[in-house]
Amino acid sequence: MFTLLFNLIFYKQKNNIYTYYFKDSDVGNKNLTTQTCYYILVLSTTFSSVSTFCCRKMGKQNYNSTIIIIFAKREALNMETKEFWDNNSLFKIKLKDGAIDEARHLLYRMTQLYPRIIDNDLMGNKAIIHNALRLDKAIVNFNLAYFVPYAIRLADFDWEGVTRNGRIIPSLGQRITNRLMKGVANRPEEYVRGVMPFFRVALQHNPSNKDNLRHLAQLYIRVKLKSQAIAIYKKLLQLHQDSYLYAEFAELLTSADDRVALLCMAIMHQHNESYNMANRYHLAELLQMPEPTRAAYEINRSVAARKKAKQPIPADVDRMARLLSAYAPVTEAEQKLFYEKQKPIVEKLIRS
């Protein structure tokens, strides 16, 4: 056994096996010749963080020695690992500064480096996922589905939500699921195929989760299995009273009376008028012929909410408002009483 100071000359990688070529520097050991000799160190990325590696002498020099490096740390040898984490730190800085294109390039570079780094604890994998979620917020139509292979590697504890101040915070896995499945009913076929492997994992971890059941219903709609989607919405509304569930369920039905009742419940359970604009417009559509005074109330509220939010008035909304302007709208109290009368209809519907 003798001591060398190694100078890295170059390395090459194939199939997760790294081959490092070193040149020695004489440090005064009398057993060494003054001639330069070369050694090769073979390191597999699948080894644990602290391992024993064998350094084999290369060249024609007449030595009978083999250098054994005990407990060599992989991080000291893996330059890609350092570059990966440097890019991760720089990504956060660029994103904070609003340099979106540069941040996107850094994330792409991280994905290129990832197969060549050591990531037994999967922290590198998680860093890529977190950065992808950050870009998904910053970039319209960001292709989050590209990162499904990383999301599938999440550990079991990444699927466990936490409770803070009485409020349940969704797990990392569930947050990814919700982002991937948003608007899935209107996504192209290629996108749906891309996200389905991860969604199957999400269902395995949280089969009764409200969001996952809703996503499943949207998938049924996507493949034209409406009856299965309706059954899921009925199950959801027996347990939850979210406004959007009532509104989405209404879109699946053909009965005008049932749709009116569901939209009334959607409005009652949504106290933020900016989210009720579409609900009120669709309710006005259904009521304009049988009960125009109620339709006038709903369209007026929809227009007022859009103006308050400084949003443009869509042409179809403006046209309906002009058509119903000839009618005196009912009072707020009268319309709220109308909403209350719809409750039994909805209760019967979701339990049928």
So what is the orientation-averaged projected area of segment 267-338, using the convex hull of its C-alpha atoms, in nm²? 4.5 nm²
Two-site label geometry, Ile313 and Asp121: point separation in nm, points 7 Å out along Cα→Cβ: 6.0 nm
Evaluate E = 1/(1 + (r/R0)^6) for Ala231 and Asp86, where r is the Cβ-Cβ distance and R0 equals 56 Å; express this FRET efficiency to the nearest 0.05. 0.65
Spin-label model distance (nm) - Ile345 vs Ala278, 7 Å beyond Cα toward Cβ: 2.2 nm
Can you send over the carbon and sulfur percentage of the accessible area for segment 230-308, probe radius 1.4 Å, protein chains only? 50 percent
How far is it, in nm, from the label point at Ile100 to the one at Gln238 when both lie 7 Å from their Cα along the line to the Cβ? 4.4 nm
Calculate, in nm to one decimal, what Asn186 and Ala304 gain on full extension: separation in residues at 0.36 nm each, minus their alpha carbon distance. 39.6 nm
Could you work out how far the C-alpha centroid of segment 207-258 sits from that of segment 275-341, in angstrom? 25 Å
What number results when the radius of gyration of segment 245-292, computed over Cα atoms, is divided by 2.2 N^0.38 Å? 1.05
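The values are calculated or read from the model by the stated rules, or taken from the named source; none is laboratory data. This one's a predicted model, so the numbers in the text were calculated from it and none came from an experiment. Quick reminder, even Gly has a Cβ in these numbers, built from the backbone with ideal geometry, and neighbours come from all protein chains shown. Just the protein is used for accessible areas: all its heavy atoms, side chains included, with ligands, DNA and RNA removed. Shrake-Rupley method; radii C 1.70, N 1.55, O 1.52, S 1.80 Å.
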